[in-house]
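Colleague: After the structure tokens below, expect a handful of questions from me.
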Amino acid sequence: MPINSIFRNNGSKAWEETRKLDIVRTRYMKKLLLLGDQAVALGAIRSGISGVYAYPGTPSTEITEYIQASPEAAGIHSRWCTNEKTAMEAALGISYVGRRALVCMKHVGLNVAADAFLNSAMTGTNGGLIVLVADDPSMHSSQNEQDSRFYGKFAFVPTLEPASQQEAYDMMAYGFDLSEKQGLPVLMRITTRMAHSRAVVQTGPRREVAPISFPKEPSRWVLLPVNARKRYDILLGQQPELEKISEDSPYNKYVEGKDRSLGVIACGIGHNYLMEQYPEGCPYPVLKIAQYPLPRKHLEKMAADCRKLLILEDGQPFVEEQMRGIFGAPCAVAGRLSGELPRAGELTPDNVRSALGLPAAEGFAASSLVMPRPPVLCAGCGHRDVYDVLNGVAVGYPAARIFSDIGCYTLGALPPFRAIHSCVDMGASITMAKGAADAGLFPAVAVIGDSTFTHSGITGLLDAVNSQAPITVVISDNLTTAMTGGQDSAGTGRLEAICRGVGVEEAHIRVVIPISGNRDEIAKIIRDEIEYKGVSVIIPRRECIQTLKRNVKKQAR
Amino acid sequence: MKRNIILSGVGGQGILSIATVIGQAALDEGLSLKQAEVHGMSQRGGDVQSHLRISSEPIASDLISRGGGDVILSLEPMEALRYLPYRSEGGWVVANTAPFVNIPNYPDIEGVLAELRALPQAILLDVDAIAKDGGVTRAANIVLLGAASSILGLSFENLADGIRKIFGAKGETVVAMNLKALEAGRDTAQKLKNEK
Ligand SMILES: Cc1ncc(C[n+]2csc(CCOP(=O)(O)OP(=O)(O)O)c2C)c(N)n1
């Protein structure tokens, strides 16, 4: 089925345009070796986006980086945003004026952007809007393994989950068309192994950027209750049509099989692990799902045809729970909830194999000599000096608790430092220290990175200032967003001004250089500020050793 | 033709450049390819790995199954042992013997090497020393690739071409250094084979 088949030939101009595009596409096909992330990026560029809006986060970062570096992306806005919420809202602004935008983030970023995301389904869109979220089952670089498909359902928007890098590329054009046709944002969910795996992708030509055009129904963009109630009715009313589109989607495929003792529902890259087991073709009926809401018609057929269903999904049992419902599915269901697959962690060809009841591959035993090799702070990193001093000061305050945050400096939790007591979500260091201080803890110290501070720390600092909480905030400033590879940090050069603006007293904003020669001086400053009964901010500032090396190399050239 | 290759090492050693060169050579031979990489957290001196699959047939999974690895290519000896469960019956291990010690509980290196030497199909060489002797210290990773060049199912000339394409943007000196490293690795592996 051709990709644009959801747009029936109604003789419209749009149909003519897409058809022409298809022809041009086949004429200019070009093969490229791309990461899933890069396939998304190039797909978006070629779909005529006006901007990509993102805050870095593994495994989504390479999408924006590709667009920033691409010579054909000149004119596309691609500067990093302060956080995921500002990114989502800016993209919605582009959509409002009738142009296309892509927003990218890691899964936990969608929590930060959730208010904007859910309400963008309420306003609906004008220009095409794709919200790309990269989930991280197995938590390779994350604090949880939440599955963004729940957010897609929560917001009542179409959700795409590509099974290959080629689909990741193709689904950009498809998704933008779908978004514009339905007037809704489209969620595209990928997982680590799609984001960070390379394959050959067939690419096509670029579509022109649309001219600016304003929304036809201005009232739906003003979500006063009176308007919102109308919009919600419309959104709910759209759902059967979205389900129908899923059923007819070229990306949801039902393939018959001879052996109906089992039917396999394979979502996204779960389909690859399934097909890996059957190079000659799967003997069971297979429903490949790469677009939601769930294609009910196909599910009903499979449940009627097969004695048992096996559900393969790279993430939480999103489909499986819906299949089971409260009163149970019409036939037996196997998956993560019944133990055929592990409840947590990513899918692998091995656990899929075992879920299919195939004999496990004979691997060799692991060597008992192998030790874990955890990541560490780089040699020469300024965070090291900060923790050395902080640990020294903490000896004098046995009750001290150091609330930290997310970034390279979180590695201060591991030996040899063991310096921090918490890491929860971006910005939580300052607010948790404040809460603990409110409850009577002394001393309450927060350690936060510069990028995390501007992402979500500023508002918490304002809370602390407003209630004169006796906390000491250390903003360990390495002038970059290091954890994700050294992207620009939103507040570089302005941290003191920001703290002053929020209301921290000038005398209690202390900037130091974290090098070993300064340790005594820094220790004294930290002690003084701990003893100060109000909000103080200490900013140890020294460039990240990785960006420093890179900058030196660049200058040498 | 089909090769499932596990690349392993420590963050910063350069396994991704090896993968890129093999990938380029495979594409030039018209093969299918999938390569899963590890980015992010584990790059800070932690263990890193990449699954690289090349085949004359279409490839489904991005990941290699346990027991499905035809070649384990490791820039670090303990990291080679970590992936033994992925080695197939008859699979090769090509590993650097110079340890990268950045953890306090690194095992006794003689024990590690003894386990590697006991493998039926292994090419073990001190990549760091060979690179240093050849004056190509910064291309130690490509020495390892050279040592594996005869078992990857790709022609040496295509691998060399891959290097020219991948490193071309960095200038002639960088290309020449990496080609020299590739040859040094190949020659050492040949010598080891003759000694057996
Ligand atoms: C909501 C959210 N967005 C993004 C991330 C990914 N992330 C983790 S740490 C980090 C950067 C932290 O930068 P900074 O605070 O400057 O500390 P550094 O790593 O430079 O020490 C990012 C982007 C995340 N964990 N959560």
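Colleague: Just to be sure I understand the model, the point goes 7 Å from the Cα along the line to the Cβ. What's the resulting A:S219 to A:I326 distance in nm?
Modeller: In this crude label model, A:S219 to A:I326 measures out at 3.6 nm.
Colleague: Shifting gears a bit: What GluC sites (Glu not before Pro) does region A:119-213 have in DSSP loop regions with at most 16 other beta carbons within 10 Å?
Modeller: A:E208
Colleague: Turning to a different aspect of this structure: When the chain is fully extended, how far beyond the present Cα-Cα distance does A:R500 get from A:Q555, taking 0.36 nm per residue of separation?
Modeller: Once the chain is fully extended between A:R500 and A:Q555, it gains 16.4 nm.
Colleague: Any idea what the relative contact order of region A:253-355 is, in percent, if you count C-alpha pairs under 8 Å spaced at least 6 apart?
Modeller: 30
Colleague: Once phi is turned into θ = phi - 60°, what whole-Hz ³J(HN,Hα) does the Karplus curve with 6.51, -1.76 and 1.60 give for every residue of region B:87-102, x standing for Gly and Pro?
Modeller: In residue order, the calculated couplings are 6, 8, 3, x, x, 9, 10, 10, 9, 6, 8, 7, x, 10, 9, 10 Hz.
Colleague: Take every Cα pair under 8 Å in chain A that's 6+ residues apart, average their separations, divide by the length, and report that relative contact order as a whole percent.
Modeller: 11
Colleague: Mind checking the mean number of beta-carbon atoms from other chains within 10 Å of the Cβ atoms in A:186-199?
Modeller: 4
Colleague: Please give me the summed charge of the neighbours of A:D488: other residues whose Cβ is under 11 Å from its Cβ, Lys and Arg +1, Asp and Glu -1.
Modeller: 0
Colleague: Stokes-Einstein D for region A:428-486 at 20 °C, 1.002 mPa s, Kirkwood Rh over Cα pairs, in µm²/s?
Modeller: Translational diffusion coefficient: 183 µm²/s.
Colleague: Where does chain A land at 222 nm, in deg cm²/dmol rounded to the nearest 500, when only DSSP H runs of n ≥ 4 count, each adding -39500 (n - 2.57), divided by all residues?
Modeller: Value at 222 nm, helices only, nearest 500: -11500 deg cm²/dmol.
Colleague: Can you check what the net charge comes to around A:C499, using other residues whose Cβ is under 14 Å from the Cβ of A:C499 (Lys, Arg +1; Asp, Glu -1)?
Modeller: Counting the neighbours of A:C499, the net charge comes to -3.
Colleague: While we're here: Show which aspartates and glutamates lie in cross-link reach of B:K170 when reach means a straight Cα distance below 18 angstrom and same-chain residues fewer than eight apart are skipped.
Modeller: B:D161
Colleague: Continuing with this model, one more query. Past 25 Å, Cα to Cα, is the threshold; run A:K258/A:K297; A:K106/A:K244; A:K31/A:K85; A:K181/B:K34; A:K31/B:K2; A:K106/B:K34 against it and keep the listed order.
Modeller: Result: A:K106/A:K244; A:K31/A:K85; A:K181/B:K34 exceed 25 Å.
Colleague: A further question on this structure: Mean residue ellipticity at 222 nm from the helices of chain B, using -39,500 (n - 2.57) per DSSP H segment of n ≥ 4 over the full residue count, to the nearest 500 deg cm²/dmol?
Modeller: Result for chain B, helices only: -12500 deg cm²/dmol.
Colleague: Also: Per residue of B:75-84, count partner chain C-beta atoms within 10 Å of its C-beta, then hand back the mean as an integer.
Modeller: Partner-chain Cβ atoms within 10 Å, mean over residues of B:75-84: 3.
Colleague: With viscosity set to 0.890 mPa s at 25 °C, what whole-number translational diffusion coefficient in µm²/s follows for chain B from Stokes-Einstein and a Kirkwood radius over Cα pairs?
Modeller: Diffusion coefficient, whole number: 148 µm²/s.
Colleague: Moving on to the next point. Based on the Cα gyration tensor of region A:469-557, what are the three equivalent ellipsoid semi-axes, each the root of five times an eigenvalue, rounded to whole Å and given largest first?
Modeller: 28, 16, 10
Colleague: Given a cut-off of under 8 Å on Cα pairs at least six residues apart, what relative contact order in percent is computed for region A:31-248?
Modeller: 28
Colleague: Inside 10 Å of the C-beta atoms of B:63-70, what's the mean count of C-beta atoms belonging to other chains?
Modeller: 6
Colleague: Grab the beta carbon distance between B:R164 and A:M371, set R0 = 56 Å, and tell me the FRET efficiency rounded to 0.05.
Modeller: It comes out at approximately 0.90.
Colleague: For the residue pair B:K196 and B:E29, what label-to-label distance in nm results when each label sits 7 Å from Cα along the Cα-to-beta-carbon direction?
Modeller: 2.0
Colleague: Taking the convex hull of the Cα atoms, report for the protein assembly as shown its projected area averaged over all directions, in nm².
Modeller: 35.2
Values in this text are rule-based calculations from the coordinates and carry no lab data. In this text, all values refer to a predicted model and were calculated from it rather than measured experimentally. Reconstructed Cβ throughout: ideal geometry from the backbone, glycine too, with neighbour counts over all protein chains shown.
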